[in-house]
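Q: Pasting a structure below so you can have a look.
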Amino acid sequence: MNANVGPALFVAALVAVLVAGYSLGSQRERSSSKAAPEAAAEAAAPAVAPAASGEPQAASFWQLNAEAREAAGTDTARQSELLEERLSELSGEQILDFEHTRHEMDRRAYTWDLWGAAYVIEDGCSDDCFRDFRAYLISLGPDSYEAALRDPDSLADVVEDAEEGNWENADDVAPDAYESATGKDFPEDGSDLSGDPSGEPWDDEDQDALVQRYPRLAERFR
């Protein structure tokens, strides 16, 4: 009696295990099948949708400057007028992007080396003079600008002094263009750069050292 019952119980238990395993496998397969399309959709979609923007990058910034300068015949004041007109045709967001790029160009040019170059050209250059000079330098375009960052003395080939180059009229025209385009006040802080310029300072009382530092500019403007 006991010998016959043992195998029967073993078979029943084995059947129960097989049935439970099949049921669990079916549930997992259905769950995996249901999740597969969702996983595929998530894989196909970008993690973060790229923001739509008409942001003018540096190339567009320089292109707008170049077009205005060419049309102005290198007249600095006229160049600023034309640049403001072109910016006024853009959206407020694009004008702000332009201003951010310009601010970065101004910040990069805020160096003792370039201030020394302006000092030699004008035989003295105050904070306001240096601000105007940086704006004028930007107006000359990317080639002259980048060359000046590497070697300020290279400006001897391209710059005019403050009077001839009309440095004061190399204006930051984005605020006025923004107000014309949007009818709103310019939302950015228009304050000048603060703090010390980057690089190695020079001694304005040591004229010989300045001449040695900028020999070509000194030869042309001194």
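Q: Only one residue in Arg131, Arg108 is surrounded by 15 or more Cβ atoms within 10 Å (Cβ to Cβ), basic (Lys, Arg) and touching a helix residue (DSSP H, G or I) at 6+ places or on another chain (Cβ under 7 Å). Which one? Before you say what the answer is, go through the steps one by one.
A: On the way: Arg131 fails: touching a helix residue (DSSP H, G or I) at 6+ places or on another chain (Cβ under 7 Å).
Criteria check complete, one pass: Arg108.
Q: Can you tell me how many residues in the stretch 59-83 are closer than 17 Å to Ser180 by Cβ, under 20 Å from the mean Cα position of the chain (by Cα) and in contact (Cβ under 8 Å) with a residue 60 or more places away in the chain? Can you show your working first?
A: First pass over the stretch 59-83, keeping only residues closer than 17 Å to Ser180 by Cβ: 64, 68, 80-83.
From what is left, the residues that are under 20 Å from the mean Cα position of the chain (by Cα) are 64, 83.
When the remaining residues are screened for being in contact (Cβ under 8 Å) with a residue 60 or more places away in the chain, the result is 83.
The total comes to 1.
Q: Identify, from the list Ser139, Ser144, the residue that is surrounded by fewer than 22 Cβ atoms within 10 Å (Cβ to Cβ) and among the polar types (S, T, N, Q). Don't jump to the end; show me each part of the working.
A: On the way: Ser139 fails: surrounded by fewer than 22 Cβ atoms within 10 Å (Cβ to Cβ).
Answer to the selection: Ser144.
Q: Shifting gears a bit: With the requirement that a residue be under 21 Å from the mean Cα position of the chain (by Cα) and surrounded by fewer than 14 Cβ atoms within 10 Å (Cβ to Cβ), what does the stretch 196-220 give you? So that I can check it myself, show each step before the final result.
A: So in the stretch 196-220, the residues under 21 Å from the mean Cα position of the chain (by Cα) come out as 197-198.
Ser198, the sole residue that qualifies.
Q: Looking at the stretch 91-124 only, could you name the residues that are more than 20 Å from Ala58 (Cα to Cα) and of a type in the set (D, E, K, R)?
A: Asp113, Glu122, Asp123 - these are the residues of the stretch 91-124 that are more than 20 Å from Ala58 (Cα to Cα) and of a type in the set (D, E, K, R).
Q: Do you know which residues across the stretch 34-84 are charged (D, E, K, R) and either within 30 Å of Glu160 (Cβ to Cβ) or at pLDDT 50 or above (or both)? If you could, list the steps in order and put the result at the bottom.
A: Going through the stretch 34-84, the residues charged (D, E, K, R) turn out to be 34, 38, 42, 55, 67, 69-70, 75, 78, 81, 84.
Residues satisfying the conditions are Glu67, Arg69, Glu70, Asp75, Arg78, Glu81, Glu84.
Q: Still on this structure, please answer the following. Does any residue of the stretch 106-122 turn out to be closer than 18 Å to Glu188 by Cβ and aliphatic (A, V, I, L, M)?
A: no
Q: While we're on this one: Filtering the stretch 160-193 down to residues that are free of Cβ contacts under 8 Å to residues at least 40 places away in the same chain and over 20 Å from the mean Cα position of the chain (by Cα), which residue is farthest from Arg134 (Cα to Cα)?
A: It comes out as Gly183.
Q: Confirm whether Arg107 is modelled with pLDDT of 95 or more and in a helix (DSSP H, G or I).
A: Details: modelled with pLDDT of 95 or more: yes; in a helix (DSSP H, G or I): yes.
So Arg107 passes the test.
Q: From the list Arg134, Arg150, which residue is at pLDDT 95 or above and in contact with a Leu (Cβ under 8 Å, 6 or more places away or on another chain)?
A: Details: Arg150 fails: in contact with a Leu (Cβ under 8 Å, 6 or more places away or on another chain).
After applying the criteria, what remains is Arg134.
The values are calculated or read from the model by the stated rules, or taken from the named source; none is laboratory data. Predicted model, so just to flag it, every value in this text is computed and none were measured. As a convention, Cβ positions derive from the backbone with ideal geometry for all residues, glycine included, and neighbour counts pool all protein chains shown.
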